[in-house]
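Q: Okay, handing you the structure first.
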Amino acid sequence: MIATGWRQPGSTFKVFTYAGLVERLTNEVLAADPQLEAIEEIAAKVLERCTVLDAPVFVPLGRGRGVKKIENFHSRSEPEYRGDIPCQIALGESRNTAAMRAGARAGIKNVIDLTYRLGMPRDPKHPLQPYPTTAIGASEVNPLSMASTAAFLNGGFRVTPRFANDVCHDGKSLLYTDDEGRAKDCDVKGENRPAPERLMHPAVSAAMIELLKSPLDIGPTGTASAVRSGVIPGMDPLSDAIGRLKPDERKKRTLAFPFDKAGEIAGKTGTATNADGKTSDVWLLLFLPGPPEHPENGIVLGFWMGKDSKDHPLGNRGATGGPGFAESGARNWVHSAATVLAFLQKERGFLRPGYKFQPIMRGEVPKTFDVKEPKQSPRDITPMATVGAAIEASEEPANPRAYRAGRSGARLPPG
């Protein structure tokens, strides 16, 4: 399912939507006078221009069926609409009406082109539809390919698909040869990876880093802010049971990753619902920077849950807040993901004080960036790498070269 299935991404697709807007604003800044030189200056100017209107949106349903009102998913203590707001707030609170306008301003076809450029497979049965609601996740995506969003954090380079570093026999590679055609030594560590292909201007990546930190860092209204403030693994964060715990037990069981102890984290939640408002899919994307000496070793974590069909909801709770507060990406995944983060912090050296995103830079800062078609058709790109060791072939194949081939529903809560 994760590798070949297709599901509605809900608000996680807003990552692509806002990236489309950021790319358009970046081109405007690059074309303006005076020309800015530093990536940080360009990104700051882009973020200054990146504001959206959070106000009611109505979408025609076609064929005389009237219009549909796009609604924001919000708690009773929050306003349904905020008016003109920075993109950091719009994405951090995952406001649907703001994202609809961001998609319109970017051009929904440009958003779709960007999504394919990053590596979303082109599937004729599951095309990204050029409709306004695609901006908030109404089209279907491949779950594993959502990890291609890592390009927004690494400086704008393609994340090369790789399920294994090499295929080997008797210590020699069956995939890689030297200049004289002799088999190279088995590449257990993945050192023979091709140079990454740039997919966007580095200023787009720099601005997107700031946007994607907002769901965790804008405060309690951020959809993933509980990663910072703390959750109890295995307990529904909205359950009354948490309040019944004794303070000492609650403190002991809580996992939290505040900035001063865990460094920078970026992420996005997502929830897709059926026409009756019941949740069908819940998502969480998290991005962790590598250590300061090796920023390229950062990782992206993708969490998805759903049943075999979108018609089968995850639960019967409603989608309007209060006692029937809906299943959502934040509600279902943040407390579970905290366990994974704790492991990565303790056993793998991630989430340490001072860790921050450092976009990879290669060569001089480009004055412009011309979007080019990928060297490979997106249909031919395996969705996303799962880094592993080398595969040892049990016997040498007859032909070693063979190895070289290689909602739209009622409302879409933010998570």
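The values are calculated or read from the model by the stated rules, or taken from the named source; none is laboratory data. Not measured: the values here are computed from a predicted model. All Cβ positions, glycine included, derive from the backbone under ideal geometry; neighbour counts span all protein chains shown. The area values use the complete protein model at the heavy-atom level, side chains included, leaving out ligands, DNA and RNA. Shrake-Rupley method; radii C 1.70, N 1.55, O 1.52, S 1.80 Å.
Q: All but one of (1) touching a strand residue (DSSP E or B) at 6+ places or on another chain (Cβ under 9 Å); (2) at pLDDT 90 or above; (3) crowded, with 16+ Cβ neighbours inside 10 Å hold for P313; which doesn't?
A: (2)
Table: residues versus (1) open to solvent by less than 60 Å² (accessible area, probe 1.4 Å); (2) closer than 29 Å to A147 by Cα; (3) out of contact with any Lys or Arg (no Cβ under 9 Å at 6 or more places or on another chain).
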{"residue": "P9", "(1), (2), (3)": "yes, yes, yes"}
{"residue": "K14", "(1), (2), (3)": "yes, yes, no"}
{"residue": "E37", "(1), (2), (3)": "no, no, yes"}
{"residue": "K45", "(1), (2), (3)": "no, yes, yes"}
{"residue": "E48", "(1), (2), (3)": "no, yes, yes"}
{"residue": "P60", "(1), (2), (3)": "no, no, no"}
{"residue": "K68", "(1), (2), (3)": "yes, no, yes"}
{"residue": "A90", "(1), (2), (3)": "yes, yes, no"}
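Q: Something else now. Does at least one position in the stretch 163-172 carry a residue that is open to solvent by 40 Å² or more (accessible area, probe 1.4 Å), among the charged types (D, E, K, R) and either within 30 Å of K69 (Cα to Cα) or touching a Cys at 6+ places or on another chain (Cβ under 8 Å) (or both)?
A: Yes; the residues of the stretch 163-172 include at least one that is open to solvent by 40 Å² or more (accessible area, probe 1.4 Å), among the charged types (D, E, K, R) and either within 30 Å of K69 (Cα to Cα) or touching a Cys at 6+ places or on another chain (Cβ under 8 Å) (or both).
Q: Of the numbered conditions (1) more than 19 Å from E23 (Cα to Cα); (2) open to solvent by 20 Å² or more (accessible area, probe 1.4 Å); (3) under 13 Å from the mean Cα position of the chain (by Cα), P143 fails exactly one; give the number of that condition.
A: (2) is the only condition that P143 fails.
Q: Quick check on the stretch 88-99. Is at least one of its residues in contact with a strand residue (DSSP E or B) (Cβ under 7 Å, 6 or more places away or on another chain), of a type in the set (A, V, I, L, M), closer than 21 Å to A330 by Cα and assigned to a strand (DSSP E or B)?
A: no
Q: Let me ask another. From the list A195, A150, pick out the single residue that is open to solvent by 10 Å² or more (accessible area, probe 1.4 Å), outside any loop (DSSP other than H, G, I, E, B) and more than 18 Å from T26 (Cβ to Cβ). Step through it out loud before you land on a result.
A: Working: A195 fails: outside any loop (DSSP other than H, G, I, E, B).
Testing whether each residue is open to solvent by 10 Å² or more (accessible area, probe 1.4 Å), outside any loop (DSSP other than H, G, I, E, B) and more than 18 Å from T26 (Cβ to Cβ) leaves just A150.
Q: Then there's this: Report every pair of residues separated by at least 6 positions or lying on different chains whose Cβ atoms are under 7 Å apart, first residue within the stretch 41-62 and closer than 21 Å to E93 by Cβ and at pLDDT below 95, second part of a loop (DSSP other than H, G, I, E, B) and open to solvent by less than 30 Å² (accessible area, probe 1.4 Å).
A: Here the result reads none, with nothing in the stretch 41-62 linked to a residue that is part of a loop (DSSP other than H, G, I, E, B) and open to solvent by less than 30 Å² (accessible area, probe 1.4 Å).
Q: I want to confirm something. Restricting to the stretch 16-35 and keeping residues that are within 27 Å of M146 (Cα to Cα) and among the β-branched types (V, I, T), which single residue is surrounded by the fewest Cβ atoms within 10 Å (Cβ to Cβ)?
A: T26
Q: Consider V159 carefully, then state whether it is β-branched (V, I, T), under 26 Å from E264 (Cβ atoms) and either assigned to a loop (DSSP other than H, G, I, E, B) or open to solvent by 10 Å² or more (accessible area, probe 1.4 Å) (or both).
A: Numbers: β-branched (V, I, T): yes; under 26 Å from E264 (Cβ atoms): yes; either assigned to a loop (DSSP other than H, G, I, E, B) or open to solvent by 10 Å² or more (accessible area, probe 1.4 Å) (or both): yes.
It is true that V159 is β-branched (V, I, T), under 26 Å from E264 (Cβ atoms) and either assigned to a loop (DSSP other than H, G, I, E, B) or open to solvent by 10 Å² or more (accessible area, probe 1.4 Å) (or both).
Q: Any residue at all in the stretch 71-83 that's crowded, with 23+ Cβ neighbours inside 10 Å and modelled with pLDDT under 95?
A: Scanning the stretch 71-83 turns up at least one residue that is crowded, with 23+ Cβ neighbours inside 10 Å and modelled with pLDDT under 95.
Q: Sticking with this structure for a sec: Looking at the stretch 173-192, which of its residues are of a type in the set (A, V, I, L, M, F, W, C) and surrounded by fewer than 17 Cβ atoms within 10 Å (Cβ to Cβ)?
A: V188
Q: Pairs only if they're at least six apart or on different chains, beta carbon under 9 angstrom, first in the stretch 118-136 and surrounded by 14 or more Cβ atoms within 10 Å (Cβ to Cβ), second aromatic (F, W, Y) and assigned to a loop (DSSP other than H, G, I, E, B); list them, first residue then second.
A: Here the result reads D123/W6; H126/W6, each pair linking the stretch 118-136 to a residue that is aromatic (F, W, Y) and assigned to a loop (DSSP other than H, G, I, E, B).
Q: Filter the stretch 49-67 down to the residues that are under 19 Å from T17 (Cβ atoms) and out of contact with any Asp or Glu (no Cβ under 8 Å at 6 or more places or on another chain) and list them by number. Please lay out each step first, then the result.
A: Filtering the stretch 49-67 for residues under 19 Å from T17 (Cβ atoms) gives 49-59.
Hits for the stretch 49-67 are C50, A55, P56, V57, F58, V59.
Q: If we scan the stretch 213-235, do we find a residue that is under 24 Å from G107 (Cβ atoms) and open to solvent by less than 30 Å² (accessible area, probe 1.4 Å)?
A: Checked against the condition, which is being under 24 Å from G107 (Cβ atoms) and open to solvent by less than 30 Å² (accessible area, probe 1.4 Å), the stretch 213-235 yields at least one hit.
Q: If you check K278 against the conditions, is it surrounded by fewer than 16 Cβ atoms within 10 Å (Cβ to Cβ) and basic (K, R)?
A: Working: surrounded by fewer than 16 Cβ atoms within 10 Å (Cβ to Cβ): no; basic (K, R): yes.
No.
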